[in-house]
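Worksheet for the structure shown next.
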Amino acid sequence: MINKAYCPVCEQEVKFKIKKGLIKEYKGVQVNVEENIPYCSKCGTELFVLEIENNNLKRLYKRYEELTGLVIMKDTIKSKLER
Ligand SMILES: [Zn+2]
């Protein structure tokens, strides 16, 4: 994986590092899912990296499904197919 992203504070492509965060609650359910948060190695600003964000969401949805039995991904896919 390329660990570079655009930092709006440095106004350039920077190397980023990863710190751990915790998503405690999702839709009113206690999920306590670890998330990876990319941040600028120069100034420390949190950055948005799509690939990492997608992985965070996958883990979050999976956990939410395990806890509630409600499936998020399939509903999303289904509604896309119906269009
Ligand atoms: Zn920066």
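We did not get these values from a lab; they are worked out from the coordinates using the rules stated. Since the structure is predicted, the reported quantities are computational estimates derived from the model, not experimental observations. So basically every Cβ, Gly included, is an ideal-geometry build from the backbone, and we count neighbours across all protein chains shown.
Ratio of Rg to Rh for the chain, alpha carbon only, Kirkwood?
That ratio is 1.09, to two decimals.
Obtain the nm distance between the two label points defined at ASN3 and LYS17 by a simple spin-label model: each point lies 7 Å from its Cα along the Cα-to-C-beta direction.
Between ASN3 and LYS17, the simple spin-label model gives 0.9 nm.
Taking the Cα centre as origin and putting +1 on Lys and Arg beta-carbons and -1 on Asp and Glu beta-carbons, what dipole magnitude results for the chain, to the nearest 20 debye?
It works out to roughly 140 debye.
Between GLU46 and THR68, 0.36 nm times their residue separation minus their Cα-Cα distance comes to what?
4.9 nm
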